[in-house]
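Right, one structure below, let's go through it.
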Amino acid sequence: MNEQSRRPRRQGKPYRRPKKDPVRILAFEALRAVDERDAYANLVLPPLLRKAREKDGFDARDAALATELVYGTLRRQGTYDAVVAECVDRPLREVDPPVLDVLSLGAHQLLGTRIPPHAAVSATVELARVVLGDGRAKFVNAVLRKIAQHDLDGWLERVAPPYDEDPEDHLAVVHSHPRWVVSALWDSLGGGRAGIEDLLEADNERPEVTLVARPGRTTADELLDGLGEDAALPGRWSPYAVRLSEGGEPGALDAVREGRAGVQDEGSQLVALALADAPLDGPDRAWLDGCAGPGGKAALLAGLAAERGAVLLASEKQPHRAGLVARALDGNPGPYQVIAADGTRPPWRPGTFDRVLMDVPCTGLGALRRRPEARWRRRPEDLEGFAPLQRALLRTALDSVRVGGVVGYATCSPHLAETRAVVDDVLKQYGGSAELLDARPLLPDVPALGEGPDVQLWPHLHGTDAMYLALIRRTS
Ligand SMILES: C[S@@+](CC[C@H](N)C(=O)[O-])C[C@H]1O[C@@H](n2cnc3c(N)ncnc32)[C@H](O)[C@@H]1O
């Protein structure tokens, strides 16, 4: 007789092994990596999905659900934290991070998806049993049952301060952005409640995947013909853009694999196109991209330069990113050069170039749609770190361009400290020897570009990342 058969059976439900749900386990692993290792969801997820396809037989629907669970949970983290905080009996910082991740995943399924509440609770409790153990799964069960008592609107009424009392805090909780980010975006956008709400909501939407047809290598029409009507639409503003329909996999396209096309937001395309089209007096032979990595804008500029008989020098400080630029430019129809160089100590002679792009490192607050975790990682202090570098790089750009030549200063952040403040400060140092050009006519048909002369694009108005562009001409 073995030990087991001698032990009296305990009363109650027999023990049941937890059900393993590979989609939710994968989503949990991705959230842990983001939380624990400061990993980026868009880098962590693809290899996990690849492995799951091979090992667990994930199909497209499984992958789509896992992606939605991870991105949605990270984007709405601020709202879900406020809801979970109402449902636990201790401060959130005292809840174990893995438990908090499971609770957020559960909150997202309950409040941010169409998954029926009973299924959302039971699937999350099963996940908790697998990854946290039965004891903590009971806690998860109790918290999720409380969350399930209200829908998202019901919770927002309870946890968000009234708009009239504290507009920024209200918007921060309702639209899941840190308060300082709400403030900064609102400062830059201006206007009333409707505009900022639309912007914050647009940040919570999954962006379309947009391709760029690289000039001289393919065209938007060719890409559209190859993809078919159901799979893609032309760009809204850029003649080189093609928008993939939902679920479109750019990596599966020959044109992308062969480098004839790339994945590039239309806002980035507009920045490169506006610089390339800015009016110049005199020669138009030498172009510089001074912060080129990973090479999206450089590849478009190099193609445009080739069409005009100009040559692009693409320079990037980080050698491995310079390698990515070289890969993006490989196959360009005209001559170009890629170098690894610090733009604050440039190896080229002053006044060498006719057109210069300085797409400087920044907080990336304009690309929150793409990087769901970025808004929680960034701190206001980061701005101080970027400020001297952004100014130094713009000075290099102005020193590098010849008199009569044009500089494009770009950021993928609309924060005024990274956009106008940098341009204003540096222009002051240049006295009368550099002037702003009106960039708006160089973005033809693009509406709502403000009062100029610089332009700020917005996700909710243009469907692009919030790219900023100032065009500056050297006058003496
Ligand atoms: C916003 S990204 C540029 C994106 C690029 N234009 C594109 O479209 O793919 C800024 C780049 O500047 C690089 N960088 C940072 N400091 C630099 C410096 N001192 N000199 C040159 N490049 C620098 C970063 O490594 C990063 O690749």
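The values are calculated or read from the model by the stated rules, or taken from the named source; none is laboratory data. Treat the numbers as computed from the prediction; the structure is a model and nothing was measured. Because the Cβ atoms are built from the backbone with ideal geometry, glycine has one as well, and the counts that use them run over all protein chains shown. What goes into the accessible areas is simple: the full protein's heavy atoms, side chains included, and nothing from ligands, DNA or RNA. Shrake-Rupley method; radii C 1.70, N 1.55, O 1.52, S 1.80 Å.
Here are some notes:
- All positions within the range 336-347 that are within 11 Å of the ligand (Cβ to nearest atom) and either open to solvent by less than 10 Å² (accessible area, probe 1.4 Å) or in contact (Cβ under 8 Å) with a residue 40 or more places away in the chain (or both): G343, T344, P346
- Check on L324, under 21 Å from L211 (Cα atoms), of a type outside the set (K, R) and in contact (Cβ under 8 Å) with a residue 24 or more places away in the chain: yes
- Subset of the range 269-305 [within 14 Å of the ligand (Cβ to nearest atom) and either among the polar types (S, T, N, Q) or surrounded by fewer than 18 Cβ atoms within 10 Å (Cβ to Cβ) (or both)]: Q269
- The range 397-406 - residue that is open to solvent by less than 10 Å² (accessible area, probe 1.4 Å) and not in a strand (DSSP E or B) and, of those, farthest from the ligand (Cβ to nearest atom): L398
- Flag for A299 being in a helix (DSSP H, G or I) and in contact with a strand residue (DSSP E or B) (Cβ under 8 Å, 6 or more places away or on another chain): yes
- Subset of the range 171-196 [in a loop (DSSP other than H, G, I, E, B), small (G, A, S) and touching a residue at least 60 places away in the same chain (Cβ under 8 Å)]: S176
- Residue count for the range 121-144 under the criterion of being in a helix (DSSP H, G or I) and over 20 Å from R76 (Cβ atoms): the result is 14.
- Of all the listed residues (R260, R327, R308), the sole one being within 14 Å of the ligand (Cβ to nearest atom) and basic (K, R) is R327.
- Picking from residues in the range 311-324 that are of a type in the set (G, A, S) and part of a strand (DSSP E or B), the one that is farthest from the ligand (Cβ to nearest atom) is A314.
- The listed residue being in contact with a Leu (Cβ under 6 Å, 6 or more places away or on another chain), under 18 Å from F28 (Cα atoms) and open to solvent by less than 60 Å² (accessible area, probe 1.4 Å), out of T67, T73: T73
- When each of P333, P350 is tested for being in a loop (DSSP other than H, G, I, E, B), away from the ligand (no atom under 13 Å from the Cβ), out of contact with any Asp or Glu (no Cβ under 6 Å at 6 or more places or on another chain) and of a type outside the set (V, I, T), the lone residue that passes is P333.
- Residues that are under 21 Å from L156 (Cβ atoms) and acidic (D, E) were ranked within the range 76-103; the one that is surrounded by the fewest Cβ atoms within 10 Å (Cβ to Cβ) is E86.
- Residue check, D454 surrounded by 21 or more Cβ atoms within 10 Å (Cβ to Cβ), within 18 Å of S268 (Cα to Cα) and acidic (D, E): yes
- Subset of the range 210-249 (residues that are in a strand (DSSP E or B) and open to solvent by less than 20 Å² (accessible area, probe 1.4 Å)): T210, L211, V212, A213, A232, A241, V242, L244
- Top-ranked residue of the range 104-120 - restricted to ones that are closer than 17 Å to Q77 by Cβ and of a type outside the set (A, V, I, L, M, F, W, C), ranked as surrounded by the fewest Cβ atoms within 10 Å (Cβ to Cβ): T113
- Among the residues making up the range 439-454, those that are touching a residue at least 24 places away in the same chain (Cβ under 8 Å) and either of a type in the set (S, T, N, Q) or closer than 16 Å to G408 by Cβ (or both) are A439, L442, L443, V446, D454.
- Counting only residues that are within 16 Å of S188 (Cβ to Cβ) and at pLDDT below 95, the range 411-439 holds 0 of them.
- Residues considered: L132, L45. Of these, the only one that is open to solvent by less than 20 Å² (accessible area, probe 1.4 Å) and hydrophobic (A, V, I, L, M, F, W, C) is L45.
- Output for the range 359-384, where each listed residue is at negative phi and near the ligand (Cβ under 9 Å from one of its atoms): D359, V360, P361, C362
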